[in-house]
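What follows is a short report on a single structure.
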Amino acid sequence: QLLLDRVAILAGRPGSFRFEFDGEEPMRSALQEGKGLVIVSAHCGNWEAAGHLLSRLGAPVNVVAYRGESAALRRFFEGALAEHRFSLIESDGSPDAALAIMAALARGEVVAMHGDRVLGDGGVVVPFLGAPARFPAGPHAVAALSGSPLIHAFALREGAYAYRFHAYPPEHPRFAGRETRGELLRDWVLLFVTRLESKLRDYPLQWCNFYPFWESAT
């Protein structure tokens, strides 16, 4: 059903859907700080539904995509949302991708990232739905290093033709020193994972990570 909804939205029929937004004003206020905005979400619900809110924020939006996902996302940007200010940053863990992300934030733009897909052997292991799992620390490290506010957000299907975008209050991750960096990153990731758990317990069929997720922690 999520895929069918995605096709309908991409085909230019978003008016057939009802979109509700919780937390739009905090997102706008965070952007007014002038340091950009990091939005962290997950492979759950419907990104296209979230795009309708992001396009209203009045700032360019950059979506960080892993290599292999970028071709489909590029078609998305060039098609249904071509009239909006979206850009794609392809991430393969290289310094070039990190520089592009930091440059976008320095310009006061939005950078949207997934917080449930690890590149390579990095990441932080935290409890997730009853077993240890590995999650990326990159989105939170980016916010801490850039000084940008960070918001956890999810767009989930509430029923036929209905979606709700929920954004949590802004976080302001900051490193206190090199010796506590690992501990702080784990705490920030754990907060995101706890919120993701809460959403997935309410919407268990909307998590679209189709691979042995818990094995990635070994």
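A few comments on the model shown:
- Within the accessible surface of the chain, defined with a 1.4 Å probe on protein heavy atoms only, the carbon and sulfur portion equals 54 percent.
- Sites counted here are trypsin sites (Lys or Arg not before Pro) in a DSSP loop (not H, G, I, E or B) having no more than 14 other Cβ atoms within 10 Å; the longest part of the chain that contains none of them is 108-173.
- With the helix formula -39500 (n - 2.57) applied to DSSP H stretches of n ≥ 4, the chain reaches a computed 222 nm mean residue ellipticity of -10500 deg cm²/dmol.
- Protein-only accessible surface order, largest first, of THR194, THR180 at 1.4 Å: THR194, THR180
- Radius of gyration and Dmax over the Cα atoms of the chain, both given in Å: 16.5, 52
- Sequence of LEU31, LEU99 when ordered by accessible area, the most exposed leading, probe 1.4 angstrom: LEU99, LEU31
- The stretch 116-218: C-alpha gyration tensor shape, a/c 1.5 cut-off, then a/b vs b/c: oblate
- Along the stretch 154-163 the Karplus relation, 6.51 cos²θ - 1.76 cosθ + 1.60 evaluated at θ = phi - 60°, assigns HN-Hα couplings of 9, 10, 10, 7, 9, x, 4, 6, 9, 9 Hz to successive residues, with x for each Gly and Pro.
- Over the chain, accessible surface divided per residue gives 48 Å², non-protein components excluded, 1.4 Å probe.
- Surface accessible to a 1.4 Å probe, TYR161 within the full protein complex, Å²: 130 Å²
The values are calculated or read from the model by the stated rules, or taken from the named source; none is laboratory data. Note that this is a predicted model, so its numbers are computed, not measured. Glycine gets a Cβ as well: all are built from the backbone with ideal geometry, and neighbour counts include every protein chain shown. Keep in mind that these areas ignore ligands, DNA and RNA; they rest on the heavy atoms of the full protein, side chains included. Shrake-Rupley method; radii C 1.70, N 1.55, O 1.52, S 1.80 Å.
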